[in-house]
Amino acid sequence: MQVEALRLFIREKLQDGRLPHEQISQVQSRPADGQKCDACEKLITIAQFVVTGTSLEGRGSIQLHVECFQLWDDERSARRSSPRHRVRSRDVGPTVAPSDFRLA
């Protein structure tokens, strides 16, 4: 259930523009140093890896946990390929809070 809550949170952020829809032109993964994940809003600890990416459209970069990056990419791809994945705000239901999920 925690992964589904995170997936919903990422969908909300894709919908309202807090996370980009476009492809990432450059991706790097490295040990983290305490950054905040743009998807789940939790700290990426030094024991974890951070995935950073720069958008193709040059609108900035994102930094995510590895798991959050995979979920973001899945949701971003699904929204672009299928109209049934395009969620309107009234379809999302209550806002998902970062405390509703936990990364392993």
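Within the stretch 48-104, track down each residue that is among the aromatic types (Phe, Trp, Tyr) and modelled with pLDDT under 90.
If we filter the stretch 48-104 for residues that are among the aromatic types (Phe, Trp, Tyr), which is where we start, we get 49, 69, 72, 101.
Hit for the stretch 48-104 is 101, nothing else.
Could you say whether any residue in the stretch 33-45 is at pLDDT below 95 and hydrophobic (A, V, I, L, M, F, W, C)? Checking the stretch 33-45: not a single residue is at pLDDT below 95 and hydrophobic (A, V, I, L, M, F, W, C).
Residues in the stretch 44-65 that are aliphatic (A, V, I, L, M) and closer than 16 Å to residue 9 by Cα: 62, 64.
The values are calculated or read from the model by the stated rules, or taken from the named source; none is laboratory data. Keep in mind that what you see is a predicted model, and the values were worked out from it rather than measured.
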